[in-house]
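K.L.:
One structure follows; several queries about it will come next.
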Amino acid sequence: MDGKLTEIPGCFVVQSRAMRDTRGAFVKTFHAPRFDELGLRTDWREEYFTSSVGGVIRGMHFQTPPADHAKLVFCVAGEVLDVIVDLRRGSPVFGRVCSFTLTPESGRGIYIPVGCAHGFVSLSELSVMYYKVTSVHSPEHDAGVAWDSIGFDWPVQDPILSDRDRRHPRFADYDSPFVFSSDTIA
């Protein structure tokens with residue numbers, strides 16, 4: 001398992017080797033010793049998955065302190081374009097957006113540090129995303145910024161959105177509680 005730092009400090013592409021044979025594939029999504037070597041958190045508190053039809057955008061989501069969390073995501077069915085934006089005031093790349101195509105065949109996942117918003121668009125007829133997070137879901141700390149306010153060129157014209165995602169504030173209007181620290185980027 002390899003970890004490659006992205007343009008956003010603390011955000012890693014986690015590349016697993018997908019082993020294939022006539023039965024199908026095997027992909028390891030987590031290996032504690034390797035995460036420790038990379039300085040990434042491993043104190044997972046919840047795991048879940050979402051399924052989305054084509055053209056769905058989910059995002060841009062995060063939890064605010066004290067329920068903030070790091071997140072590890074993999075696409076286990078279909079294809080998604082995964083999107084992350086840095087919300088940490090003082091970050092050298094505050095507001096920077098990175099995107100990654102995720103499929104089960106690629107064996108690629110994304111580790112998203114505290115202080116970054118996360119979302120994705122389902123590019124296939126059906127996609128399934130698997131998440132590990134370092135805090136328990138807290139409705140009163142559940143937050144987001146508007147998907148269409150982060151300066152990203154989404155590959156859909158008229159996405160399917162939840163009511164919740166339609167109500168998020170615009171990025172420019174969001175007063176972020178997150179502060180960048182090079183000591184705690186993961």
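K.L.:
Which one is farthest from the chain's Cα centre (by Cα), of the residues in the stretch 71-115 that are small (Gly, Ala, Ser) and surrounded by fewer than 23 Cβ atoms within 10 Å (Cβ to Cβ)?
P.N.:
My answer is 90.
Rundown of residues vs (1) touching a residue at least 40 places away in the same chain (Cβ under 8 Å); (2) surrounded by fewer than 15 Cβ atoms within 10 Å (Cβ to Cβ); (3) more than 24 Å from residue 30 (Cα to Cα), yes/no style:
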{"residue": "119", "(1), (2), (3)": "yes, no, no"}
{"residue": "148", "(1), (2), (3)": "no, no, yes"}
{"residue": "158", "(1), (2), (3)": "yes, yes, yes"}
{"residue": "166", "(1), (2), (3)": "no, yes, yes"}
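K.L.:
Which condition breaks for residue 127 when tested against (1) part of a loop (DSSP other than H, G, I, E, B); (2) touching a Gly at 6+ places or on another chain (Cβ under 6 Å)?
P.N.:
(1)
K.L.:
Can you give me the number of residues within the stretch 22-40 that are closer than 27 Å to residue 123 by Cβ and exposed (fewer than 12 other Cβ atoms within 10 Å of the Cβ)?
P.N.:
First, the residues of the stretch 22-40 that are closer than 27 Å to residue 123 by Cβ: 23-30, 40.
Restricting the remaining residues to those that are exposed (fewer than 12 other Cβ atoms within 10 Å of the Cβ) gives 23-25.
Total meeting the criteria: 3.
K.L.:
Something else now. Among the residues of the stretch 41-60, count how many are within 19 Å of residue 100 (Cα to Cα) and buried (at least 18 other Cβ atoms within 10 Å of the Cβ).
P.N.:
Total satisfying the criteria: 6.
K.L.:
Any idea which of 82, 43, 68, 86 is more than 25 Å from residue 147 (Cα to Cα) and among the charged types (D, E, K, R)?
P.N.:
The conditions single out 43.
K.L.:
Find the residue count for the stretch 159-186, including only residues that are modelled with pLDDT of 95 or more and either in a helix (DSSP H, G or I) or over 19 Å from residue 90 (Cβ atoms) (or both).
P.N.:
15
K.L.:
Sticking with this structure for a sec: Could you grab me the full set of residues in the stretch 18-31 that are out of contact with any strand residue (DSSP E or B) (no Cβ under 6 Å at 6 or more places or on another chain) and within 13 Å of residue 111 (Cβ to Cβ)?
P.N.:
30, 31
The values are calculated or read from the model by the stated rules, or taken from the named source; none is laboratory data. The structure displayed is predicted, hence computed values, not measured ones. Note: ideal-geometry Cβ built from the backbone for every residue, glycine included; neighbour counts use all protein chains shown.
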